[in-house]
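The values are calculated or read from the model by the stated rules, or taken from the named source; none is laboratory data. Treat the numbers as computed from the prediction; the structure is a model and nothing was measured. No Cβ is skipped: glycine too gets one built from the backbone with ideal geometry, and neighbour counts run over all protein chains shown. For the accessible areas, the whole protein counts, side chains as well, though only heavy atoms, and no ligand, DNA or RNA atoms are used. Shrake-Rupley method; radii C 1.70, N 1.55, O 1.52, S 1.80 Å.
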Amino acid sequence: EGGSTPVQMRDRLMYTPVGKFDTFPRSYYVDVVKGDAEEYVKLEEFGDRLLAFKQRTLYIINISNPSPVNWYLEGTYKFKGVPNQACVTKTDFGVVWANSEGAYIFDGSNIRNLTQNKIEDAIWQSFADQSDMMVGYDPKKDQIIVVESATVVSSTDTI
């Protein structure tokens, strides 16, 4: 009836023209990598970088140029992806995320492993090997919070 069928493009990042929210022209896209069998889980920006998280891989795209044709893939980081979007949070100091390999921060130029030499790999992996893990940030205490598994409680439930 005149409607169109949505098309899934799991390897494509779509963007909008300036000032035209929720408008995605077919020509406004970036294909970072094609056919890697992973889907995008979460996008986050910090400074002039776009962090594109897939399940196993993180892509950092330099978006410093105002013209999207001059955006470029700055880095590909295997084993830095996330199982779900709740594993990523933004702080004043950078983007923080966690997966079964560790907890990390991207400060605008570098990725640092926050668990390295602080938590034994075997202990971290037994804790963080959950698909429903979550990461949060407490700005008052300047602490990153990693929750192994979270259950959503509705407002009608008693705690």
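Go through region 29-44 and report how many residues are open to solvent by 70 Å² or more (accessible area, probe 1.4 Å) and either polar (S, T, N, Q) or at pLDDT 70 or above (or both).
3
The conditions are (1) closer than 25 Å to residue 132 by Cβ; (2) modelled with pLDDT of 80 or more, and residue 60 fails exactly one of them. Which is it?
Exception for residue 60: condition (1).
Between a first residue in region 129-146 that is surrounded by fewer than 12 Cβ atoms within 10 Å (Cβ to Cβ) and a second residue that is at pLDDT 90 or above, which pairs have beta carbons less than 6 Å apart while being 6 or more apart in sequence or on different chains?
131/83
Could you list, in sequence order, all residues of region 45-62 that are open to solvent by 40 Å² or more (accessible area, probe 1.4 Å) and either in a loop (DSSP other than H, G, I, E, B) or of a type in the set (Lys, Arg) (or both)?
47, 48, 55, 56
For the condition more than 19 Å from residue 32 (Cβ to Cβ) and under 15 Å from the mean Cα position of the chain (by Cα), what is the one hit in 89, 76, 115? Spell out how you get there, then give the answer.
Details: 76 fails: more than 19 Å from residue 32 (Cβ to Cβ); 115 fails: under 15 Å from the mean Cα position of the chain (by Cα).
89 is the lone residue from the list that is more than 19 Å from residue 32 (Cβ to Cβ) and under 15 Å from the mean Cα position of the chain (by Cα).
I'm checking my understanding of the structure. Among residues of region 63-81 that are among the aliphatic types (A, V, I, L, M) and open to solvent by 70 Å² or more (accessible area, probe 1.4 Å), which one is modelled with the highest pLDDT?
Here is the first cut: in region 63-81, the residues among the aliphatic types (A, V, I, L, M) are 63, 69, 73.
Imposing the further condition that a residue be open to solvent by 70 Å² or more (accessible area, probe 1.4 Å) reduces the set to 69, 73.
Values: 69: 86, 73: 92.
Per the stated criteria, the residue is 73.
Given the residues 41, 69, 30, which is the only one that is farther than 16 Å from residue 105 by Cα, under 14 Å from the mean Cα position of the chain (by Cα) and outside any loop (DSSP other than H, G, I, E, B)? Step through it out loud before you land on a result.
On the way: 69 fails: under 14 Å from the mean Cα position of the chain (by Cα); 30 fails: under 14 Å from the mean Cα position of the chain (by Cα).
Residue meeting the stated conditions: 41.
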